[in-house]
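S.K.: Sharing a structure with you now.
The values are calculated or read from the model by the stated rules, or taken from the named source; none is laboratory data. Remember, it's a predicted structure, so these values are computed and weren't measured experimentally. Counting neighbours? That spans all protein chains shown, and the Cβs are built from the backbone with ideal geometry, glycine included. Accessible surface areas use protein heavy atoms only, side chains included; no ligands, DNA or RNA. Shrake-Rupley method; radii C 1.70, N 1.55, O 1.52, S 1.80 Å.
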Amino acid sequence: MIRLTLAVLSSALLAGLAVSACSPPTSQREVCANNVDDDQNGLIDCADPDCRGKPECVVDAGFFGTCMKCGTSCAKQEDCLQTSFSNDQPLPLCSSGRCEALNKQVSVNVILDAAAYQGVQYRSITTRFISKRAIDGTPITCSTVEAAAPGRTAAAARQLEDTGRFQYLGFDARTIMRVTPSIPLFFVPVQTGSNYLIFMEFWYGPIDGVSRFPTLNRAGFECFDGPAIGQPWAPLVATDDCSAASQDAGTSTCRQFQVSAIRGPM
């Protein structure tokens, strides 16, 4: 009897282990606002059925547009980002205290005449398309932006963002592989809109892979409030998009910004 009981228990234990070994592990639920595929099913955040109906995925497309934080309150543009200025496309805006994303994303080419920096071994360039209207509604000029960005060290790479004052139509940060008198910056992401200026910074270090901001010290900066003095940039529209490789050289309707650096290194 004892032997029979032990045999039954042993069989039951082995069967239980076999079932456990064959059973798939309990899958993790998707976290809906971290830009990670937590349950590894190929669907991230609000695209995953786990997040259907969650507050962070409810969008008022009729008024605030389509973005994860559209319709939520904000005090600065960064409050409206899902990830970062480098990754959110198009950049949502903070308008009248609410996040919105109503404009179309386009890519444009910026052709920089950098002859004034000849011989300067900078490694990266940041390009910001900045609205001429601040978050609080006050006007923004090149002088305003330059006054807010006096720092020259890597610690100051985020100084404009840290003010919380400015609103961007576009943000681009890229490492420059070869310094030449003319620097083509293809496919700069920016949203449609008007009344903006372009602020560019040259940095001695490459772009950090995590923060997506430059490293080492700043070599110089340039600000362009239009193609000529007293002439604003024309509005960005959907047909300005550089959507095909054949448009890199500015053929068809691809928008090109020709800008010339005049300040030179700091």
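S.K.: Got a sec? What order do SER182, SER243 fall in by accessible area at 1.4 Å, biggest, i.e. largest, first?
M.R.: Most to least solvent-accessible, the answer reads SER243, SER182.
S.K.: If you don't mind, there's one more thing I want to ask. Solvent-accessible area per residue for segment 124-266 at a 1.4 Å probe radius, Å²?
M.R.: Numbers: 6330 Å² over 143 residues.
Result: 44 Å² of accessible area for each residue.
S.K.: Of the heavy-atom accessible surface of segment 80-163 (probe 1.4 angstrom), what whole percent is carbon and sulfur?
M.R.: The nonpolar share, carbon plus sulfur, comes to 46 percent.
S.K.: Would you rank MET266, MET177 by solvent-accessible area, highest first, keeping every protein chain in place and using a 1.4 Å probe? Before the final figure, lay out each step's value.
M.R.: On the way: MET266 85, MET177 165 Å².
Largest to smallest exposure gives the sequence MET177, MET266.
S.K.: Next question, about the same structure. Could you tell me which trypsin sites (Lys or Arg not before Pro) in segment 135-181 are loop residues by DSSP with no more than 12 other beta carbons within 10 angstrom of their beta carbon? List each step's numbers first, then the result.
M.R.: Working: sites: ARG152, ARG158, ARG165, ARG174, ARG178; in loops: ARG152, ARG158, ARG165, ARG178.
Here the sparse-neighbourhood loop sites are ARG178.
S.K.: Let me ask you something else. So for ILE125, ILE262, ILE111, what's the accessible-area order with a 1.4 Å probe, most first?
M.R.: On the way: ILE125 0, ILE262 140, ILE111 25 Å².
Putting ILE125, ILE262, ILE111 in descending order of accessible area: ILE262, ILE111, ILE125.
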